[in-house]
Amino acid sequence: GQFGGLTTFLQDEDLTKLRPLGPGKIQLSDNTAKLMAVYNEERLLAWIRNTKYEAMNAESTRDGDIRFKKTPEAEWQFRLDPINGLILTTSALKDGEYIVKWYDPSTGKWLSEAAVTVQGGKLMLEVPAFSFDLALKISPK
């Protein structure tokens with residue numbers, strides 16, 4: 001169903017133990033995407049969304065493509081150029097070893113997993129290329 005991907009991403013998570021993470025403790029290297037996150041000192045869940053991934057943008061693009069480019073309505077698909085080269089930086093986690101897992105909400109599939117180390121309270125991650133949105137889970141190793 002519509003929430004199957006979210007269910008998969010949140011499996012085994014206790015959201016009552018997490019709180020919203022403000023912009024002072026987490027950020028992206030540029031404004032091509034927006035970021036929302038919840039955390040405690042040992043785990044972090046984040047959603048990264050292309051700033052162009054909005055209903056109004058999709059609607060105006062659709063109308064223009066059908067009206068002016070003569071794209072048949074039945075064949076039209078909303079597409080966005082991939083975002084590449086984003087860096088996520090956070091100072092929300094305590095020092096230690098963690099597992100970083102990237103998740104594609106649109107397919108409901110885990111994309112990759114890697115071991116990382118938080119040192120001096122800082123962690124920098126290369127965000128995988130994406131077009132619409134990504135989710136991120138950081139948990140203790």
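The table below lists the values:
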read-out: Potential lengthening between residue 117 and residue 131 on full extension [0.36 nm per residue; Cα-Cα distance subtracted]; value: 2.3 nm
read-out: Rg/Rg_globular for the chain, with Rg_globular taken as 2.2 N^0.38 Å and Rg from C-alpha atoms; value: 1.19
read-out: Within the stretch 30-118, GluC sites (Glu not before Pro) in DSSP loop having at most 12 other beta-carbon neighbours inside 10 Å; value: 41, 54
read-out: Solvent exposure of the stretch 1-127 as accessible area per residue, Å², 1.4 Å probe; value: 66
read-out: Gain upon complete extension [residue 8, residue 41; 0.36 nm per residue less C-alpha separation]; value: 9.6 nm
read-out: Rounded FRET efficiency, nearest 0.05, which uses the C-beta distance separating residue 69 from residue 110 and R0 of 30 Å; value: 0.25
read-out: Share of carbon and sulfur in the accessible heavy-atom surface of the chain [1.4 Å probe, %]; value: 51
read-out: At most 15 other Cβ within 10 Å, DSSP loop - trypsin sites (Lys or Arg not before Pro), the stretch 79-120; value: 79, 94
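The values are calculated or read from the model by the stated rules, or taken from the named source; none is laboratory data. Bear in mind that the values here come from a model prediction, so they are computed numbers and not experimental data. Glycine gets a Cβ as well: all are built from the backbone with ideal geometry, and neighbour counts include every protein chain shown. Side chains included, ligands, DNA and RNA excluded: accessible areas come from the protein's heavy atoms. Shrake-Rupley method; radii C 1.70, N 1.55, O 1.52, S 1.80 Å.
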